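Participant: Mind looking over this structure? Questions follow.
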Amino acid sequence: MMMKKQMLFLALIVLLCSCKEKVKPSNLFTLNEKFNSQSLTIQSPALHQSKGQVLYVPVYSNIPVNNQKSMYNNISTVLAIHNTDFQSPIYITCVNYLNTKGMMVAKFLSQRVTVMPMETKDFFIPEKDTSGAGANFIVEWVCDSTVSTPKIETVMIGVSSSNSVSFISEATVLREKQ
């Protein structure tokens, strides 16, 4: 399995290096201006729109290995909430972290947080967390108007001596604002 991943990685590097046309962005990392969505060719509304949602986002703070005889610990997690709407802010009203048993471990917000168009907010769970392979975030966001639904996911990374893991989980909609 490891050899297959290494071959795939090597093939990807060869493919990227063999591209004849090198695309070089202008002013790489020096622009700091608002994105103009009117510059895009496609102007129709987003396919997935909502006024708010309650979401379940899986987290794997530690996972069983070796036929569940041991645990892989030292996994940190970032919950990323990306506002994908070009025009309107969204408001995060709840970010709660629950362990495998469904018990609340952390409550991240005491008041709603504004996420401006194309902005991202993130919330961090350190690697020392032991909430388990069934841990999760419950996230609620709302908006005054119908907007493009945000992209909400967790990114988990664990590094331990010569081993490392990384993976993502996407949010699942539990409730939709009518």
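Please treat every number below as a calculation from the coordinates, not as lab data. Predicted model only: the values in this text are computed from it and were never measured. No Cβ is skipped: glycine too gets one built from the backbone with ideal geometry, and neighbour counts run over all protein chains shown.
Participant: Whole angstrom only: what separates the Cα centroid of the range 141-178 from the Cα centroid of the range 93-115?
Facilitator: 13
Participant: Please tell me the relative contact order of the range 48-176 in percent, rounded to the nearest whole number, where contacts are Cα pairs under 8 Å and at least six residues apart.
Facilitator: Details: 349 pairs, mean separation 53.9, N = 129.
Across the range 48-176, relative contact order equals 42 percent.
Participant: Going highest first, how would you order 97-105, 150-158 by mean Cβ packing within 10 Å?
Facilitator: On the way: 97-105: 14.1, 150-158: 19.4.
Highest-to-lowest ranking by the protection proxy: 150-158, 97-105.
Participant: While we're looking at this one, here's another question. Here are some pairs, K121/K151; K107/K128; K51/K151; K151/K177; K34/K121; which of them have Cα atoms lying more than 19 Å apart in this structure? Each step should come with its number before you reach the end.
Facilitator: On the way: K121/K151 11 Å; K107/K128 17 Å; K51/K151 14 Å; K151/K177 17 Å; K34/K121 17 Å.
Long pairs (Cα-Cα over 19 Å): none in the table.
Participant: Please order L109, L47 by the number of other Cβ within 10 Å, starting at the fewest.
Facilitator: Details: L109 14, L47 7.
By the 10 Å Cβ count, ascending, the order reads L47, L109.
Participant: What does the charge dipole of the range 48-176 about its Cα centre add up to, to the nearest 20 debye, if the Cβ of each Lys and Arg holds +1 and the Cβ of each Asp and Glu holds -1? Could you put the intermediate results ahead of the total?
Facilitator: Values: 9 positive and 10 negative charges, 72 e Å.
The calculated dipole for the range 48-176 is roughly 340 debye.
Participant: Also, I was wondering about something else. Say R0 is 30 Å: what FRET efficiency, to the nearest 0.05, do S70 and L109 get from their beta-carbon distance?
Facilitator: Details: r = 35 Å, r/R0 = 1.17.
Here the calculated transfer efficiency is 0.30.
Participant: Just subtract the alpha-carbon distance of K128 and I42 from 0.36 nm times their residue separation and send over the number in nm, one decimal. Show your work: numbers first, answer last.
Facilitator: Values: separation 86, 0.36 × 86 = 30.96 nm, distance 4.51 nm.
Extra length available between K128 and I42 comes to 26.4 nm.
Participant: Per 0.36 nm of contour for each residue apart, how much would the distance between V155 and M118 grow if the chain were fully extended, relative to their Cα-Cα spacing?
Facilitator: Numbers: separation 37, 0.36 × 37 = 13.32 nm, distance 1.88 nm.
Gain in length upon complete extension: 11.4 nm.
Participant: Given a Förster distance of 22 Å, report the FRET efficiency between K101 and S164 from their Cβ-Cβ distance, rounded to the nearest 0.05.
Facilitator: On the way: r = 28 Å, r/R0 = 1.25.
The value I calculate is 0.20.
Participant: So for the range 48-176, what percent of the C-alpha to C-alpha distances run longer than 19 Å? List each step's numbers first, then the result.
Facilitator: Details: 3983 of 8256 pairs.
Of all Cα-Cα pairs in the range 48-176, 48 percent lie more than 19 Å apart.
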